[in-house]
Every structure is written in structure tokens, then in C-alpha cells.
Amino acid sequence: MKTIIITAMTLVTLNTFASGGHFHPKQLVKCSKECTDTQIKEAVPTAIAYLAKWDKIAGSWSNAKIDSIGKKDFKKGPEWVVTLVDSTIQDTAKQKRYIFMSLDGFVTGSNSTGE
């Protein structure tokens, strides 16, 4: 009886931690080794749609212009950073948004600080 209770508790616990309610990086570009800026640029619309699905960015950013694409070093290593600018937003402090992608094409996140 004790074994059945422990097994049931283990299954419930594992199921709780395995829920699908959290963001997972997704590979949007298949690159041979390291993606180029052109490959990253082409993946931006798909990245915005994927991030919007997870409420990491508003879908309206799909209308924004790409201001720049470049590599930046972070604590975990270098990543591609795509800077979007939406000049239709009245508050100039909120006109920029950043999308982060790993060097091998995984979208890893988005924010308004670029950090």
C-alpha cells in the first residue's frame, strides 16, 4: 500500500512539473554551423509570431521595421540581437523591442532593454 501511495505521489509531482505553460526556445533557422545575419533577418517574422504565441511580444511588432541585427556577448555566450523599431508608437521610449536568437538559430526571448 505504501508503494502505491508513493508511486501515485511521484506521478502527480512529475506531471505538475512537466506542464506546458512555459516558454521553450525553438529553432527557427536551420544553419550549417552558425547562422548569418541574412538568415536571422529572414526568420524575424516567424520569431515574432512564435514569441507572440507565448506572450513574450505583442503581435503588432510584426509591422515594425528591423533597425539592426548584430551579435552581442552575454554571460551565457554570444547571441544575435535584432532591434525592431515601431515609429507608430507615441511613446518614443517604447518604440524599440529586441529579439534574441542563438547563433544556431533558436529564438530565445525578447525584451525592451536589449540586455
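Read-outs: derived from the displayed coordinates by stated rules, not from any lab. As the structure is a prediction and not an experimental result, all values here were calculated from the model. Please note: Cβ atoms are built from the backbone with ideal geometry, for glycine as well, and neighbour counts cover all protein chains shown.
Worth a mention:
- Burial order of peptide ranges 97-104, 71-78, 37-44 (average beta-carbon count within 10 Å, highest first): 97-104, 37-44, 71-78
- Taking 23 Å as the straight-line reach from the Cα of Lys71, the lysines in range (excluding those fewer than 8 positions away in the same chain) are Lys26, Lys30, Lys33, Lys41, Lys56, Lys94, Lys96.
- Distant-in-sequence amide contacts of Gly105, defined by a placed amide H-H separation under 5 Å and a gap of 5 or more residues or a different chain, comprise Cys35.
- Computed Rg/Rh of region 52-105, alpha carbon atoms with Kirkwood Rh: 1.01
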